[in-house]
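Below is one structure, written out as structure tokens; the observations come after it.
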Amino acid sequence: MISMHYSIPFPTNYDMSHIRNRVAENGAKTDFFDGLEMKAYLMCEKNRFGNSHNGYAPLYLWNDPDGMNTFLFQGYYDQIVTSFGWQSVAVSIPYDVQIPADMPHHLYIVHNGGKLKPSASLRNPSLPSAKTNELGKVVLYNPTSWRYDCYEFMKEKPSEQGVPGRTVYEMLHLSRGASK
């Protein structure tokens, strides 16, 4: 499995209903996409939940690189490039994936990230663990930078109070791959 994520920032005065409408019109296009485990269509809004910016930030989990390559290089990703310009795509390795098959399509996702600290051993790395109020979780790492990212799929709306280093996304749509 491999993950893919990109984040598109928008100005403070950007009308985020454009993103909501875009996902409502196009989100189902990745339902049952070959090689896709899941795609979470994520959006954050400045000053909501303490977020520092407006953004659109889809998170993908691919069963293998073939599906990701098809998406990126066979015209599917061109819609992003045409609409928002050239975006860097972060690729990471899933460490812990807990996404139930009956995951609701409209949730909140809390993202926290950081760096693994150098140590004498990589056994039992200090990565985020499950919390009792989450429906699911995805923990990713990139050994090039030793960065990790944790996405917690929350049952309840998170506190509006900001937490340093945290971004709260609203999941507008969840696509599952052909095997789901």
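What follows is calculated from the coordinates using simple rules that are stated; it is not laboratory data. Remember, it's a predicted structure, so these values are computed and weren't measured experimentally. For neighbour counting, all protein chains shown are included, and Cβ atoms are generated from backbone atoms with ideal geometry for every residue, glycine included.
Figures for the structure shown
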quantity: Any hit, segment 42-49, residues being in contact with a Lys or Arg (Cβ under 6 Å, 6 or more places away or on another chain) and touching a residue at least 24 places away in the same chain (Cβ under 8 Å); calculated: no
quantity: Subset tally (residues that are within 21 Å of residue 173 (Cβ to Cβ) and surrounded by 11 or more Cβ atoms within 10 Å (Cβ to Cβ)) for segment 83-111; calculated: 17
quantity: So residue 114, is it free of Cβ contacts under 8 Å to residues at least 60 places away in the same chain, surrounded by fewer than 16 Cβ atoms within 10 Å (Cβ to Cβ) and assigned to a strand (DSSP E or B); calculated: yes
quantity: Unique residue being under 14 Å from the mean Cα position of the chain (by Cα) and either among the acidic types (Asp, Glu) or within 13 Å of residue 174 (Cβ to Cβ) (or both) when the list is 28, 40; calculated: 40
quantity: Residue count for segment 50-82, restricted to those that are hydroxyl-bearing (Ser, Thr, Tyr), surrounded by fewer than 16 Cβ atoms within 10 Å (Cβ to Cβ) and in contact with a strand residue (DSSP E or B) (Cβ under 9 Å, 6 or more places away or on another chain); calculated: 1
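This table checks each residue for (1) under 27 Å from residue 144 (Cβ atoms); (2) touching a Ser or Thr at 6+ places or on another chain (Cβ under 6 Å).
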residue: 44; (1), (2): yes, yes
residue: 49; (1), (2): no, no
residue: 52; (1), (2): yes, no
residue: 66; (1), (2): yes, no
residue: 79; (1), (2): no, no
residue: 87; (1), (2): yes, no
